[in-house]
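The values are calculated or read from the model by the stated rules, or taken from the named source; none is laboratory data. Please read all numbers here as calculations on a predicted model, not as lab measurements. So basically every Cβ, Gly included, is an ideal-geometry build from the backbone, and we count neighbours across all protein chains shown. These area figures cover heavy atoms from the full protein model, side chains too; ligands, DNA and RNA do not enter into them. Shrake-Rupley method; radii C 1.70, N 1.55, O 1.52, S 1.80 Å.
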Amino acid sequence: MVPPVTASRLRREELVVEFLGLPASGKSTLSHAVARALRARDVPVREPTYTLDHETAIGARRVRKLALAALAVMRHPARSAHWVRRIARSGQRRSGWASAVAINWLYLLEVARGGAARPGVCLLDQGLLQALWSIGYGARAFRLRSPGLRTRLRALLPRRVMVVLVTADRAALERRLDGRDHPASRLERERGAVPRPGAADDGGASPMDRGAALMDEVAEVARRLAEQRRIVLLCVESAESSLPATVAAITDAVLALLSPPDVSAASVAGGAGALPSGTAPSPPAPIPQ
């Protein structure tokens, strides 16, 4: 049983929930469904990334992302310059990718900052860990497991953050990607493209293989952060048949983290019985205060 979340507590508590997973894993579907479930419990919720990517016209979306990226640069010029240089040196495999992932990274930095600045729950169907995957996907030289990168990431993450790692079996991912009319990610566009002659820099791996291998590395970064008690990590499997149970489990985990102080983050694990078969939360880790 998840303890009640009082209105007075919600007026002073903030929580950022970031969904992490491969394209078509179900991040946006789960995020939006959890938002509806939380609103039904009178929890104030914001969905800045979902609103921008799924409910905003493409022209207005691009302008808004550029504006938020510019805000990130103005707030922290030295930090922004460090990340832009890091991305520029990552050896992106296609022309234009470096600028695209740099803008995306700066945009999400500003979104995460804004999400942590207001009470209530901020749901991100893509956040900083997903942006790391995006940088690494096109890179020839980007060490996700670098201790220095993890140290910088720790400092960038919101004060209170829960990461929901969403997985799905390969057949389900392929089926969902095949059913999409318009590819939304570079992995999807490469997957449907004719291989370029002499594309030896890809190592012979398919886009899905590369993406999955990289997501394993990002998931390991998330697990390290959870072990260091910097984030709360919840791992779920996305399957159409168990979607309501998965949404309920994530919702209960969020509510547990918003509960009164005498309720520890161990409540996240205690409420995990609702998770569908084959899923489990990571070891409980209290959110730093």
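Just so you know, in the stretch 103-130 the residues that are crowded, with 22+ Cβ neighbours inside 10 Å and small (G, A, S) include one that is nearest to D53 (Cα to Cα), and it is G127. For the condition open to solvent by 40 Å² or more (accessible area, probe 1.4 Å), among the small types (G, A, S) and free of Cβ contacts under 8 Å to residues at least 12 places away in the same chain, A88 does not qualify.
From the list L38, L22, which one is touching a strand residue (DSSP E or B) at 6+ places or on another chain (Cβ under 9 Å) and assigned to a loop (DSSP other than H, G, I, E, B)? Don't jump to the end; show me each part of the working.
Values: L38 fails: assigned to a loop (DSSP other than H, G, I, E, B).
Going through L38, L22 in turn, just one is touching a strand residue (DSSP E or B) at 6+ places or on another chain (Cβ under 9 Å) and assigned to a loop (DSSP other than H, G, I, E, B): L22.
Filter the stretch 138-172 for residues that are in a helix (DSSP H, G or I) and open to solvent by less than 10 Å² (accessible area, probe 1.4 Å) and give the result. Write out each step before concluding.
Start the filter on the stretch 138-172 by keeping residues that are in a helix (DSSP H, G or I), which leaves 147-156, 170-172.
Matches in the stretch 138-172: L149, L153, A172.
Residues in the stretch 4-28 that are closer than 23 Å to L233 by Cβ, of a type in the set (V, I, T) and modelled with pLDDT under 95: V5 alone.
Is at least one residue of the stretch 216-233 in a loop (DSSP other than H, G, I, E, B), at pLDDT 75 or above and of a type in the set (V, I, T)? Looking through the stretch 216-233, at least one residue is in a loop (DSSP other than H, G, I, E, B), at pLDDT 75 or above and of a type in the set (V, I, T). Determine whether A141 is of a type in the set (G, A, S) and farther than 20 Å from E220 by Cα. So A141 fails the test.
Are any residues in the stretch 37-64 of a type in the set (A, V, I, L, M, F, W, C) and touching a Cys at 6+ places or on another chain (Cβ under 9 Å), and if so, which ones?
Taking the stretch 37-64 first, the residues of a type in the set (A, V, I, L, M, F, W, C) are 37-38, 40, 43, 45, 52, 57-58, 60, 63.
Selection gives V45 alone.
The single condition among (1) of a type in the set (F, W, Y); (2) at pLDDT below 95; (3) under 29 Å from L257 (Cβ atoms) that Y50 does not satisfy is (2).
For the stretch 41-86, give me each residue that is in a helix (DSSP H, G or I), farther than 29 Å from I250 by Cβ and either in contact with a His (Cβ under 8 Å, 6 or more places away or on another chain) or not hydrophobic (A, V, I, L, M, F, W, C) (or both). Matches in the stretch 41-86: G59, R62, R75, P77, R79, S80, H82, R85, R86.
Being assigned to a loop (DSSP other than H, G, I, E, B) and either at pLDDT below 50 or buried (at least 17 other Cβ atoms within 10 Å of the Cβ) (or both) is a description that does not apply to S242.
Annotation: of all residues in the stretch 203-235 being among the basic types (K, R), touching a helix residue (DSSP H, G or I) at 6+ places or on another chain (Cβ under 9 Å) and within 29 Å of T251 (Cα to Cα), the one that is least open to solvent (accessible area, probe 1.4 Å) is R230.
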